[in-house]
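All remarks here apply to the structure that follows.
The values are calculated or read from the model by the stated rules, or taken from the named source; none is laboratory data. Since this is a predicted model, take the numbers as computed values, not measurements. Cβ: placed from backbone, ideal geometry, glycine included. Neighbour counts: every protein chain shown. Just the protein is used for accessible areas: all its heavy atoms, side chains included, with ligands, DNA and RNA removed. Shrake-Rupley method; radii C 1.70, N 1.55, O 1.52, S 1.80 Å.
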Amino acid sequence: MSPTADPVISIDLAFQAAPSDLMDAEADAQLQERLNTQDAWELDLITWLTAMRNDASLVCPEVVRTASEFSLGLQFCDDPTIAALNGQWRQKPQPTDVLSFPALEGDPPIGADACLELGDIIVSVPTAQRQADEHGHDLLHELRWLVSHGFLHLLGWDHPDDAQLNAMLQCQERLLAINGKVQSQGEIS
């Protein structure tokens, strides 16, 4: 199958909503829905997967380009939860904004009917809120930015140097622009 083919993609999303004590009662309905339900995240992830698969210039494992069913986890949590995970898996016991746990190692063989496990993305809502405030944009934008970052890690992207970090950030901006307003990190609207 060529990268430009566009088969129907389905995602089995294991979604864990943000704990209720992280919800601001004043938050707008769109943000509350994003933190509590998976539908909009599934749409974003399917759109992003399609974009990555269809652009041969972007790093995307061949198995991802050809699979039609995907499974991944998305969890929103508090700072203590992500700090514990960061300590356990990265030996850095402090809060971070996003953790990703890729399941792909190389290009595993996949049967036509198999569901491809991509891995898990975990986002700290309080850290995301602080970063949104620092960057001068809303929490929903920051959450989408962080999920897109974790998503690219699941596809094998990394940023050990400035050049690779810049390429990853540019790709995130491209993904976010597909389904909504994009704003470069540090840019104030």
Just to verify a number: FRET efficiency for residue 89 and residue 56, C-beta to C-beta distance, R0 = 30 Å, to 0.05?
0.40
In terms of the charge dipole of the stretch 14-120, which places +1 on Lys and Arg and -1 on Asp and Glu at the beta carbon, the residue among 18, 45, 31 farthest towards the positive end is 45
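Of all the accessible heavy-atom surface of the chain, with the other protein chains kept in place and a 1.4 Å probe, what percent is carbon and sulfur?
Its accessible area is 51 percent carbon and sulfur atoms.
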5 angstrom amide H check on residue 117, placed H, neighbours 5+ away
71
Taking R0 as 41 Å and r as the Cβ-Cβ distance between residue 161 and residue 10, the FRET efficiency 1/(1 + (r/R0)^6), rounded to the nearest 0.05, comes to 0.70
Note, ³J(HN,Hα) from phi for the stretch 148-163, Karplus 6.51, -1.76, 1.60, rounded to Hz, x at Gly and Pro:
5, 5, x, 4, 5, 4, 4, 8, x, 6, 8, 9, x, 9, 4, 4
I'd like the FRET efficiency for residue 68 and residue 29, computed as 1/(1 + (r/R0)^6) with the beta carbon distance as r and R0 of 35 Å, rounded to 0.05.
0.60
Can you compute 3J(HN,Hα) from phi for each residue in the stretch 27-44, using the Karplus curve 6.51 cos²θ - 1.76 cosθ + 1.60 with θ = phi - 60°, rounded to whole Hz and x for Gly and Pro?
4, 5, 4, 5, 5, 4, 5, 4, 7, 10, 10, 9, 4, 5, 5, 4, 4, 4
Surface per residue (accessible, 1.4 Å probe) for the chain, Å²:
49
